[in-house]
Amino acid sequence: MSNEATLHAHDEHAHDHGHDHGHHEHEHHEPHFFSKYIFSMDHKIISRQFLITGIFWAIVGGLMSVFFRLQLGFPEQTFKVLSAFLGDWAKNGKMDPEMYYGLTTIHGTVLVFFVLTGGLSGTFSNFLIPLQIGARDMASPFLNMLSFWFFAIASVVMFGSLFITTGPASGGWTTYPPLSALKEASMGSGLGMDLWLSSMALFVVSSLLGGINYIVTILNMRTKGMTMTRLPLTIWAFLFTAVLGVLSFPVLLSAAVLLLFDRHAGTSFYLSEIFVAGKALPNVGGSPILYQHLFWFLGHPEVYIIMLPAMGMASEILSTHSRKPIFGYLAMVLSIIGITVLAFLVWAHHMFVTGMSPFLGGVFVLLTLLIAIPSAVKVFNWLTTIWKGNIRFTVPMMFALGFVSLFISGGLTGLFLGNSALDIHLHDTYFVIAHFHIVMGISAFFGMFAGIYHWYPKMYGRFMNNTLGYIHFFVTFIGSYVIFWPMHYEGVAGMPRRYYDFSAWESFKQFGELNQMISVAAIIVFFAQLLFVFNYFVSIWKGKKVTDPNPWQANSLEWTTPIKPGHGNWDGPIPEVHRWAYDYKDNGEGGDFIPQHIPLKEGEESH
Amino acid sequence: MSGLLLVLLVVLIFVVLYQVSRSSEIVAQLQGEEAFDKKRNKILGYSMLVLFAAFMIGIVWCHQYMMPLMGPEAASDHGQQYDFMFEVTLWVTGTVFLLTQFLLFWFSFKYRRVGNKIPHFFAHSTKLELIWTSIPAIAMAVLVAIGLKAWFTMTDKAPKGAMQIEIIGKQFNWISRYPGADMELGKKYYTNINEKDNILGLDWKDKATKDDIIIPNGELRLVKGKPVELIIGSRDVIHDVGLSHFRMKMDAVPGISSRLWFTPLFTTEEMKAKTGNPNFVYELSCDQMCGKGHYSMRAVIIVETQAEHDAWLAKQQSYYAQNHPEEFPAPAAEPAKTDSTKQITMNN
């Protein structure tokens, strides 16, 4: 379907108001508040819906971490705030272990899936793909809208599960059976687990609808002259993020469906020889390890579903604000492809201590450590990109630089965990917590923040407040290291994760003071994020207005649209592309950049 | 009420911060955006240096605080191999870490915008890219080689003559079983389990079960210098045998029997002397989320000399005898006493 046809099929108004943007928009859309802001098919509105839903979940998930950090830091004390929020789950201000595990489980689930997948790739794939490839909208705006609404329903189901009598799912975000399969084994494995599985199934549907759309749009709807090698790296990243999602999410769905069968239909896919709550269950012949294979076949690619968009946006932002082309464009694309392929071949490194065949373990060690090569190439290329640049320390640039720092720190500890002989000891300790929070939690968040600050002017026609942005950066950057750096040591000492209280353990109780400090830092960082949320919403109405359609002096196509683009993005015809996205060089008139739609000058060589 | 006040306070602080930062924008307009941006860029450029210095000082400070709290050296042969490998990996990653972080912050500072110069157009260099693809590849090859050597040693079959002990997880404690005089662990099946007199579901038709000794609190008695093979299983959900002092770990999965082996190097008494902690105790922790009592699933490991072990073993009565006193007319059965003094009681 051509660009024009897509839009006409779904929104006949888009072109009418194209020429006289301001006035017409008002006339045409006023009666359609619902179709403009709620059931919108405009990719830009849908992206903001994803983002705001993601922000909601980030606050919920973050608040949960504050609650369980209170328990971890101050196991002897009671807190009124806990009773206020958790009610009977925290009688007299003391959190129940069942709820502690519920909170950690939902914290993990919503941060990984709802915030860093839905909120990150949902937001920016939607927002940037049509704008940067030069398309009026997605290939199917209708599926795109459905994608958001499935996400919204999944969110409602997940949120609802927090309020039921038996509490939310509480077996960890990986929900390994038999614990998650048997309601006798844990309260959270009752109705809470069914809601968790249903919510995840809906989320998979949302993710697939979105992913297919992103792939089709990128492959088919690029504007004239936009060859694949002229795409900004963001688009390459979104393309392979979508490929990862489309190929791996269905496996998670199958894992969830089989688990539902085991729970309710008496099957034994994951169950064998279990004696629980005083009786022997009839199930024999299944294997709980099967679930782990299915889960991690998604679970590991999921890590890259989170990382790739952050990497793509960081590449774009580092280049733009250093006023230099991204170094090694082709190597960057190849490393994205390499990471994507390897992402499917390393899942069992999460299972080194399940008793798997040592030979198989060896193969997974080799494949896992291979991922370090494309990752290292990316880091060196980012460093070379800023080398000899002319760096503007804008807020997005600060976050992009922070992203690189965190990605290095968190990535390197992966070399410990990916090497099975070291993983035997470090597995399921705080070392793992530190590793994945830094590399795919905080660093992905930094990529996301960089993206939000960078493209906010395009989203709302206003800037976010700079000073608050810098405060947000410094508190979050320093705070994240203060929280997670010492956890490596706790992990090296063998301190297990998912513990409610360490005070009775001779081997781990010496870290009590440290745990307090970490909890205090976590609370401070949480408030810094609220400051960001405050800045985000206040700036929609009060932020400094954008006056230049290309405020960052960037090359990519989104900055050729009007300051507040309507549905259809460009008023006139879509610009034709003549060069790659990174021509940060002398334009012959004293400027240091040449946007993609500017034709090559006589004698100028295309990159 | 105090909660509401707190929320109001936070909102108020945010509003004040916002207003203050708005006024900085007005200052910017008064000074001229260009000049203001230039000044700010300079300050932020220097802040990158400060940030790097703080980062490094923080790391040193953290290290000094943490090291006295860390446990002693590994107490098993495999653990010693682990410690060596950890150190090698730490040197490799530490070097890369310092180098790349330094370059990141240094470049940020050094190449901060000072004027409207047009940077060098440098988009590609095959030579550089080959260099920094191959260096990590070589480093990875080394780490993989060391890692696989250790991995295959650790996961190899246990040496002949290794002591065998079964350790079974259940919500929320461990149960250990020793083979008794015949050196053989008898058969068991989960449908035989009952809480009263057969907690592991031993099959009494198998003679080998008759002399098996069961310790219901999971205490493990190991002998210094003697390889031990743990036969690991679970009655209900997945647990994990975590032996942090020995640097070993293995999941306990229902329906599957997994194994790990190692040789303890120091007795508990020796470790007390080594650490200067009279309360030192080897602990077995559950390292796989198993339900609300997960954090309390603890067992004690005692490493002793062969003589001490033999003396302890001689005092134990088989589980069969304990539960079938009528077949053993002699002295009345006494439940097995163990030295594990501390049991964690759950708060709930």
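The values are calculated or read from the model by the stated rules, or taken from the named source; none is laboratory data. Please read all numbers here as calculations on a predicted model, not as lab measurements. Virtual Cβ from ideal backbone geometry, glycine too; neighbours counted across all protein chains shown.
Quick notes on this structure:
- Every pair of residues 6+ apart whose Cβ atoms lie under 6 Å, when the first sits in segment B:61-75 and is more than 14 Å from B:Glu87 (Cβ to Cβ) and more than 9 Å from chain A (Cβ to nearest Cβ) while the second is hydroxyl-bearing (Ser, Thr, Tyr) and part of a helix (DSSP H, G or I): B:Pro72/B:Thr275
- Some residue of segment B:26-47 being touching a Leu at 6+ places or on another chain (Cβ under 8 Å) and either of a type in the set (Asp, Glu) or within 26 Å of A:Ser322 (Cα to Cα) (or both): no
- Within segment B:263-297, the set of residues being crowded, with 24+ Cβ neighbours inside 10 Å and more than 7 Å from every other protein chain (Cβ to nearest Cβ) comprises B:Pro264, B:Leu284, B:Cys286, B:Met297.
- Selected residue (criterion: surrounded by the fewest Cβ atoms within 10 Å (Cβ to Cβ)) from residues of segment A:194-208 that are under 14 Å from A:Ser161 (Cα atoms) and touching a residue at least 60 places away in the same chain (Cβ under 8 Å): A:Asp194
- The number of residues in segment A:422-448 being among the charged types (D, E, K, R) and assigned to a loop (DSSP other than H, G, I, E, B) comes to 1.
Per-residue answers, yes or no, for (1) at the interface with chain B (Cβ under 10 Å from one of its Cβ atoms); (2) surrounded by fewer than 24 Cβ atoms within 10 Å (Cβ to Cβ):
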residue	(1), (2)
A:Leu281	yes, yes
A:Leu290	no, yes
A:Tyr304	no, no
A:Leu308	no, no
A:Ala331	yes, no
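- Residue within segment A:411-425 that is closer than 23 Å to B:Val96 by Cβ, at the interface with chain B (Cβ under 7 Å from one of its Cβ atoms), among the small types (Gly, Ala, Ser) and crowded, with 24+ Cβ neighbours inside 10 Å present: yes
Conditions (1) part of a helix (DSSP H, G or I); (2) assigned by TED's automatic domain parsing to the domain that holds B:Ala311; (3) among the acidic types (Asp, Glu), marked per residue:
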| residue | (1), (2), (3) |
| --- | --- |
| B:Trp132 | yes, no, no |
| B:Ile138 | yes, no, no |
| B:Val142 | yes, no, no |
| B:Trp174 | no, yes, no |
| B:Asp182 | no, yes, yes |
| B:Lys205 | no, yes, no |
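- Members of segment B:196-254 that are buried (at least 22 other Cβ atoms within 10 Å of the Cβ) and acidic (Asp, Glu): B:Asp212, B:Asp236, B:Asp240, B:Asp251
- Residues in segment A:429-451 that are out of contact with any helix residue (DSSP H, G or I) (no Cβ under 7 Å at 6 or more places or on another chain) and surrounded by 24 or more Cβ atoms within 10 Å (Cβ to Cβ): A:Phe445 only.
- Filtering segment B:107-120 to residues that are surrounded by fewer than 16 Cβ atoms within 10 Å (Cβ to Cβ) and either within 43 Å of the chain's Cα centre (by Cα) or at the interface with chain A (Cβ under 7 Å from one of its Cβ atoms) (or both) leaves B:Lys117, B:His120.
- Set B:Thr89, B:Thr100: member being among the β-branched types (Val, Ile, Thr), in contact (Cβ under 8 Å) with a residue 12 or more places away in the chain and crowded, with 17+ Cβ neighbours inside 10 Å: B:Thr89
- Look at (1) touching a strand residue (DSSP E or B) at 6+ places or on another chain (Cβ under 9 Å); (2) under 23 Å from B:Ser285 (Cβ atoms) and you find that B:Ile193 fails only one, number (2).
- A Cβ distance below 6 Å, combined with a sequence gap of six or more or placement on separate chains, defines the contacts here; from segment B:177-202, residues that are free of Cβ contacts under 8 Å to residues at least 40 places away in the same chain reach residues that are assigned to a helix (DSSP H, G or I) and not acidic (Asp, Glu) in the pairs B:Asp182/B:Ala208; B:Glu184/B:Ala208; B:Gly186/B:Ala208; B:Gly186/B:Thr209; B:Gly201/B:Tyr190; B:Gly201/B:Asn192.
- Among residues of segment A:265-278, those that are more than 9 Å from every other protein chain (Cβ to nearest Cβ) and free of Cβ contacts under 8 Å to residues at least 60 places away in the same chain, counted: 5
- Members of segment A:346-370 found to be within 11 Å of A:Ile289 (Cβ to Cβ) and touching a Leu at 6+ places or on another chain (Cβ under 8 Å), listed by number: A:Ala348
- The residues of segment A:352-378 that are under 18 Å from B:Asp156 (Cβ atoms), small (Gly, Ala, Ser) and more than 7 Å from chain B (Cβ to nearest Cβ) amount to a single one, A:Ser357.
- Answer residue from segment A:60-94, given it is more than 28 Å from the chain's Cα centre (by Cα) and within 10 Å of chain B (Cβ to nearest Cβ) and is nearest to A:Gly160 (Cα to Cα) among those: A:Ala84
- Failed condition for A:Arg230, given (1) more than 20 Å from A:Glu98 (Cβ to Cβ); (2) more than 14 Å from chain B (Cβ to nearest Cβ); (3) not small (Gly, Ala, Ser): (2)
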